[in-house]
Amino acid sequence: MVTAAIILAEAAVLYDGLTAVQTQSYGAAARGGATRADVIISEAPINYPMVVQPNVLVCLTQEAYHKYAPIIRPGGLLISDSRYVNTERRVDAIQKQLPLYDTVMQQLGTPLAFNICMLGAVLGFTHLVTLPSVQKVLTARVPQRFLEMNAKALDLGLALVRNPGA
């Protein structure tokens, strides 16, 4: 999650001419707890660098869903992984569940690019930054031996949004 958040923020700032702030907290993540990575993207200056009520929230584990779903902004978008998260009805949020992990495992055979697949889904739903900007950051940030796998994972996430039944 943290790597995907960094890639998103860098794409916004370096290539799309936006302002962005990225923060993360690990809590007890070293022992299996929820990791939180926040990104604020704006066309205007950012006056407060912390996310209080996100417009978009991604939860890849049940623990993250229970801990962070209550803070989503009314009308916001909550994206979760259908393998690891059982959602509850939230009338004030749009919820989208995708088989992110299962798709990555079926298509790539490894969970290493699970986070980048999720980033592709976020881009597909939100268009926060442009695809070429994310691709440039991936090329600069991901080791060459993992670049093709991550590019495929990004495309898989986008495809899950464009063709949810495929």
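Computed from the coordinates by the stated procedures, all read-outs in this text should not be read as laboratory data. All of these numbers come straight from a predicted model, not from anything done at the bench. Cβ atoms come from the backbone with ideal geometry, glycine included; neighbour counts cover every protein chain shown.
Please list, in order along segment 58-74, the HN-Hα scalar couplings obtained from phi with the Karplus expression 6.51 cos²θ - 1.76 cosθ + 1.60 (θ = phi - 60°), rounded to whole Hz, x for Gly and Pro.
10, 10, 9, 9, 5, 4, 5, 4, 5, 6, 10, 4, x, 8, 5, 5, x
Can you grab the distance from the C-alpha centre of segment 118-162 to the C-alpha centre of segment 32-105, Å, no decimals?
Cα centroid of segment 118-162 versus Cα centroid of segment 32-105: 18 Å apart.
Assuming 1.002 mPa s and 20 °C, estimate D for the chain with Stokes-Einstein, Rh taken as the Kirkwood radius over Cα pairs, in µm²/s.
133
Please list, or write none, the aspartates and glutamates whose alpha carbon is within less than 17 Å of the alpha carbon of Lys67, excluding same-chain residues fewer than 8 places away.
Lys67 reaches Asp38, Asp81, Glu88, Asp92.
Straight-line reach from Lys152: which lysines have a Cα under 23 Å away, not including same-chain ones fewer than 8 places off?
Lys96, Lys136
Got a sec? How would Ser133, Ser82, Ser25 order by Cβ neighbour count within 10 Å, fewest to most?
Ordered by Cβ neighbours within 10 Å, fewest first: Ser25, Ser82, Ser133.
So for His127, His66, fewest C-beta neighbours within 10 Å to most, what's the order? Present the calculation step by step, with values, prior to reporting the outcome.
Values: His127 9, His66 14.
Placing the least packed residue first, the sequence is His127, His66.
In the chain, which longest range has no GluC sites (Glu not before Pro) that are both DSSP loop (not H, G, I, E or B) and surrounded by at most 15 other Cβ atoms within 10 Å?
With GluC sites (Glu not before Pro) excluded where exposed in loops, the chain gives 89-166 as its longest stretch.
How much length is gained on full extension from Phe146 to Thr126, taking 0.36 nm per residue of separation minus their Cα-Cα distance?
Gain on extension, Phe146 to Thr126, equals 4.6 nm.
Which residue, Ala44, Ala153, Ala64, tops the fluctuation ranking in a GNM of the chain built on C-alpha contacts under 10 Å?
Fluctuation is largest for Ala44.
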